[in-house]
Amino acid sequence: MSSVPPNAALPVSDGYNAASGAHFLKWWKQHLIECIPSGIRQRSQRGARPLLLSIADGKIWPSGADFGDSAPLARNKLLSGDASKLKPATLLIGERNGFRREVALPITVEDRLAQVLAFELDRLTPLKPDDLYYDFRVLRRDNAKGICVAEVLAAPKARVDAMIKEARELGAGVDRLALSTTDVDHGIDLFKLSRKQPADATKSNWLTPLLALLCLGLVIALVAYPIFKKRQYVIALMPMETAARAEAETATVIQRQLDKQLGEYNLLLKRKHATPIAVQVLEDIGKRLPDDTWAQSFEIKPQANSKTREVIVQGETGSGAKLLQIVQESSLLKEPVLKAAMTRVAPNAERFHFAGELVSVAAPAGMTLADSATLLGTPMQVAPSSAAGAPLTAGKVPETPKSTAADAPKSPADGAKPPNPAVPAPLASGATSTKADSTKVAPAPSPAAMTPGAAPERKQ
């Protein structure tokens, strides 16, 4: 065995005590009640007062009445006067039929105050605790001195039993005892500690903890079993969730790639069809110019500090007065104007130089995801080639023209003269060679220069 030094301090336990918790709740409740305004507190206490009667004083008080509103017990209508029809009531014994005394005890015994006072009654009264109806209440505590002051109230059973018997004859069933009206609002009941417990009550004390444990186990089972089942469901669904997540990530990657390809395709389509092509502009202007007009140069170039393009046409005409009006009727040119004054170069010909902004046209609708899905699900078909500058139909490939023997170039052995690469082939009516940003037409010879033996004049 280990020895403890004589001067060593013993450890003090700070553990939670159920009794101390109950005292704390009681103290807390008491202070909360004190925070209620006195008028409201008094009305609530008065409303909770039961039927009161005093055999010693011969008075009776109705339920919820003030202590000054008493009535004579002999001429009352509150009790039936029949012992078989008892009405619950509180019996006031009277100060002369009992006693009250203040007792100072150590504050450490407050948790066991009922047991300690049971032994103190032998010292305070000449009667034994079994011969008394008694109760107590704590008046105040002094933590500095370590004491608590309790008020003890007691009355002999022999004297009180006679009063209870007389009250039963009047039709009152006594279920509470108090010395005077001052004890009613403080919860004093001399029956509380003096009621005899049944003989078999101690034998069944183990039943309540057992039932509490069974209830606790049932509550834990009801809470834990659904959680366990849900955990099993989650574990079973985890592989499916992993596979679905992988498929979703794959679909997301494919979706992004398809969106990127559609964006690139639509961007090229928009750039290609944002403005008319040079052949369309040349055809439109060629159809509008009079028969006595020919163009010597045709140029399409971007404007400075702008995203638009400009069409510049130079040539000679015999209808100079109405040439600009005719060109303004074109839907492909915006506000064409003369860049230089017309100059007469022949009796029936004037040189003109006009320019106009190329009108932007509405781009065709781009391809969508629905179109791409239809395109992938439709077999490819071969279609004739579209007109120059027209967009291709989704899902169709232009047919490559087949060459025939008649279209094949003839060799020198067949008697045909090979073409001279230095001399350009003649262009058809309205045909022109175009470039990406600048398209020019070879200038036509002027009538003045077309004299016998004279070479046509060429302008750069």
Next item on the list: Using only Cα positions of the range 50-196, each an equal point scatterer, no hydration layer, compute I(q)/I(0) via Debye at q = 0.10 Å⁻¹ and quote the log10 values to two decimals.
Entry: -0.38
Next item on the list: Sort GLU120, GLU241 so the one with the fewest other Cβ atoms within 10 Å of its own Cβ comes first.
Entry: GLU241, GLU120
Check: Which of ALA83, PRO50, LEU179 sits closest to the plus end of the dipole of the range 50-196, meaning its Cα is farthest towards the positive end, when Lys and Arg get +1 and Asp and Glu get -1 on the C-beta?
Finding: ALA83
Next item on the list: Could you work out how far the C-alpha centroid of the range 262-330 sits from that of the range 61-100, in angstrom?
Entry: 120 Å
Checklist line | Theoretical gain in end-to-end length, PHE24 to ALA221 [0.36 nm per residue, Cα-Cα removed] | finding: 67.6 nm
Note to self: With viscosity set to 0.692 mPa s at 37 °C, what whole-number translational diffusion coefficient in µm²/s follows for the range 289-357 from Stokes-Einstein and a Kirkwood radius over Cα pairs?
What the structure shows: 263 µm²/s
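Structure shown: which of LYS29/LYS165; LYS29/LYS157; LYS260/LYS334; LYS270/LYS334; LYS270/LYS301; LYS128/LYS165 lie over 30 Å apart, alpha-carbon to alpha-carbon?
Cα-Cα > 30 Å for LYS29/LYS165; LYS29/LYS157; LYS260/LYS334; rest within.
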Note to self: Can you work out the Karplus-derived ³J(HN,Hα) for every residue in the range 246-251? Use 6.51 cos²θ - 1.76 cosθ + 1.60 with θ = phi - 60°, whole Hz, and x for glycine or proline.
What the structure shows: 4, 5, 5, 5, 5, 4
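Would you please name the trypsin sites (Lys or Arg not before Pro) within the range 83-143 that are DSSP coil residues with at most 12 other C-beta atoms within 10 Å of their C-beta?
On the way: sites: LYS85, ARG96, ARG100, ARG101, ARG112, ARG123, ARG137, ARG140, ARG141; in loops: LYS85.
When the trypsin sites (Lys or Arg not before Pro) of the range 83-143 are filtered for loop state and at most 12 Cβ neighbours within 10 Å, LYS85 remain.
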Next item on the list: Quick one: which residues, 5 or more positions from HIS353 or on another chain, have an amide H under 5 Å from its amide H? H modelled 1.01 Å from N in the peptide plane, none for Pro or chain starts.
Entry: LYS339, ALA340
Checklist line | Electrostatic dipole magnitude of the range 50-196 [Cβ: Lys, Arg +1; Asp, Glu -1; Cα centre; debye, to 20] | finding: 220 debye
Next item on the list: DSSP loop (so not H, G, I, E, B), at most 16 other Cβ within 10 Å: list which GluC sites (Glu not before Pro) in the range 261-369 pass both filters.
Entry: GLU329
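Read the figures in this text as sums done on the coordinates, not as results from a lab. Predicted, not measured: the structure shown is a model, and the values here were computed from it. Virtual Cβ from ideal backbone geometry, glycine too; neighbours counted across all protein chains shown.
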